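Visitor: Structure incoming, see below.
The values are calculated or read from the model by the stated rules, or taken from the named source; none is laboratory data. None of these values were measured; they are calculated from a predicted model. So basically every Cβ, Gly included, is an ideal-geometry build from the backbone, and we count neighbours across all protein chains shown.
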């Protein structure tokens, strides 16, 4: 597949990537980066979460920035504050050895005055949730007249979260932007309409197949048990992991809350993240997890979007996700930066049939274990 230099990334950025353990481009990076570096282009990329999208659009975005100019030149829209902060952090890491490129993340749930203060400094790239960006535009707090690259990340997720009106408003006043790059796991009719209305008729389209998208460093395992045995099996697994850290995924808020209480009762350093939490509560949980005061996070799928914590050894699927995209997203929380990781499914006999579907569509192989060692 070659390396990042071969596909056009400048050596200063490659040096930063190497330090992060990112040396060989993923499928989406190898296909997207040369196109985005080839001149002004509108692009639609259909790709699932956890495929390396941030570097795929982030590296060309950074190479498009003129650090000597003080204007905002790049705008990235995303659905959640967690994902926004994660993207901004990654862009910062990529620029460790390059000229200073300043990125600010702005989102709801934080006092707008703090963000106004940060935006008063030199800013080259703004990463924003749609609602907060509209608020800032209405206050004349951001000048987007020099933006030459607009990126919509997880466009379908932004629509499902009710940002349709805001997205259309932003796209309408960004008509003159030379590069519009839209990434989405699915392309429903509303996204198709948005593409035909706001992107060039000859926009380049790329669809990453589900195959080869799951990190090869992940060891996929499953254990079959009765429903009432799941907690016992989970405890056995956590005991073998000792001080290692990870995320346990559930399908519903109720299971997430119940399982967290059960694990706390067994003296596990655990906390939960789910849709009923206020933003400040959610931030408090994530801080504790990142600072290692909490060893294990129990999470629902939607609430876990954007979680990016280094050094996670495993993920456990206490309940299987509703679709393969979420399996890719969940599993991608581990085995980051070239490290190995374990993805363990604790399933009933009936649920185990779903794993054959994942194997076929994600091109992965599950190993059945009889008991936790």
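Visitor: Based on this model, can you work out whether residue 55 counts as within 19 Å of residue 328 (Cα to Cα), free of Cβ contacts under 8 Å to residues at least 40 places away in the same chain and either in the same structural domain as residue 89 (by TED's automatic domain parsing) or out of contact with any strand residue (DSSP E or B) (no Cβ under 6 Å at 6 or more places or on another chain) (or both)?
Guide: On the way: within 19 Å of residue 328 (Cα to Cα): yes; free of Cβ contacts under 8 Å to residues at least 40 places away in the same chain: yes; either in the same structural domain as residue 89 (by TED's automatic domain parsing) or out of contact with any strand residue (DSSP E or B) (no Cβ under 6 Å at 6 or more places or on another chain) (or both): yes.
When the stated conditions are applied, residue 55 passes them.
Matching residues to (1) surrounded by 20 or more Cβ atoms within 10 Å (Cβ to Cβ); (2) part of a helix (DSSP H, G or I); (3) at positive phi:
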{"position": "201", "(1), (2), (3)": "no, no, no"}
{"position": "231", "(1), (2), (3)": "no, yes, no"}
{"position": "236", "(1), (2), (3)": "no, yes, no"}
{"position": "239", "(1), (2), (3)": "no, yes, no"}
{"position": "243", "(1), (2), (3)": "no, no, no"}
{"position": "248", "(1), (2), (3)": "yes, no, no"}
{"position": "254", "(1), (2), (3)": "no, yes, no"}
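Visitor: So which residues in the range 296-333 are surrounded by fewer than 19 Cβ atoms within 10 Å (Cβ to Cβ) and more than 17 Å from the chain's Cα centre (by Cα), if there are any at all?
Guide: 313, 322
Visitor: Quick one: would you say residue 337 is within 20 Å of residue 247 (Cα to Cα), buried (at least 20 other Cβ atoms within 10 Å of the Cβ) and modelled with pLDDT under 80?
Guide: no
Visitor: Here is a follow-up. If a residue counts only when it is in contact (Cβ under 8 Å) with a residue 40 or more places away in the chain and surrounded by 14 or more Cβ atoms within 10 Å (Cβ to Cβ), which strands (runs of 3 or more DSSP E) contained entirely in the range 89-168 have at least 2 such residues?
Guide: Strands (runs of 3 or more DSSP E) meeting the threshold: 125-128, 149-152.
Conditions (1) touching a residue at least 60 places away in the same chain (Cβ under 8 Å); (2) more than 24 Å from residue 351 (Cβ to Cβ), marked per residue:
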{"residue": "194", "(1), (2)": "no, yes"}
{"residue": "219", "(1), (2)": "yes, no"}
{"residue": "222", "(1), (2)": "yes, no"}
{"residue": "233", "(1), (2)": "yes, no"}
{"residue": "266", "(1), (2)": "no, no"}
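Visitor: Moving to a separate point now. Can you pull out every residue in the range 309-330 that is assigned to a helix (DSSP H, G or I) and in contact with a helix residue (DSSP H, G or I) (Cβ under 8 Å, 6 or more places away or on another chain)? Spell out the reasoning first.
Guide: To start, the set of residues in the range 309-330 that are assigned to a helix (DSSP H, G or I) comprises 324-330.
Once the filter is applied, which keeps residues that are assigned to a helix (DSSP H, G or I) and in contact with a helix residue (DSSP H, G or I) (Cβ under 8 Å, 6 or more places away or on another chain), the range 309-330 yields 324, 327, 328.
Visitor: Now for a different question. So which residues in the range 32-41 are touching a helix residue (DSSP H, G or I) at 6+ places or on another chain (Cβ under 8 Å) and either more than 15 Å from residue 5 (Cα to Cα) or surrounded by 17 or more Cβ atoms within 10 Å (Cβ to Cβ) (or both), if there are any at all?
Guide: Keep residues of the range 32-41 that are touching a helix residue (DSSP H, G or I) at 6+ places or on another chain (Cβ under 8 Å), which gives 32-33, 36-37, 41.
Scanning the range 32-41 gives 32, 33, 36, 41.
Visitor: Touching a strand residue (DSSP E or B) at 6+ places or on another chain (Cβ under 7 Å), outside any helix (DSSP H, G or I) and under 24 Å from residue 142 (Cα atoms): is that true of residue 76 in this structure?
Guide: yes
Yes/no per residue for (1) assigned by TED's automatic domain parsing to the domain that holds residue 345; (2) at pLDDT below 90; (3) closer than 29 Å to residue 363 by Cα:
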| position | (1), (2), (3) |
| --- | --- |
| 228 | yes, no, no |
| 241 | yes, no, yes |
| 267 | yes, no, no |
| 272 | yes, no, no |
| 278 | yes, yes, no |
| 283 | yes, yes, no |
| 290 | yes, yes, no |
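Visitor: Please enumerate the residues belonging to the range 169-179 that are over 13 Å from residue 77 (Cα atoms) and part of a loop (DSSP other than H, G, I, E, B).
Guide: Of everything in the range 169-179, those that are over 13 Å from residue 77 (Cα atoms) and part of a loop (DSSP other than H, G, I, E, B) turn out to be 173, 175, 176, 177, 178.
Visitor: Failed condition for residue 40, given (1) more than 30 Å from residue 197 (Cα to Cα); (2) touching a residue at least 60 places away in the same chain (Cβ under 8 Å); (3) more than 19 Å from the chain's Cα centre (by Cα), with all others met?
Guide: (1)
Visitor: If only one of 367, 348 is under 16 Å from residue 234 (Cβ atoms), touching a residue at least 12 places away in the same chain (Cβ under 8 Å), surrounded by fewer than 20 Cβ atoms within 10 Å (Cβ to Cβ) and in contact with a strand residue (DSSP E or B) (Cβ under 9 Å, 6 or more places away or on another chain), which one is it?
Guide: 348
Visitor: Quick check on the range 3-22. Is at least one of its residues touching a residue at least 12 places away in the same chain (Cβ under 8 Å), closer than 20 Å to residue 180 by Cα and within 17 Å of the chain's Cα centre (by Cα)?
Guide: Checking the range 3-22: not a single residue is touching a residue at least 12 places away in the same chain (Cβ under 8 Å), closer than 20 Å to residue 180 by Cα and within 17 Å of the chain's Cα centre (by Cα).
Visitor: Follow-up. On the given criteria, is residue 182 more than 25 Å from residue 107 (Cβ to Cβ), outside any helix (DSSP H, G or I) and touching a helix residue (DSSP H, G or I) at 6+ places or on another chain (Cβ under 7 Å)?
Guide: Taking the combined requirement at face value, the residue does not satisfy it.
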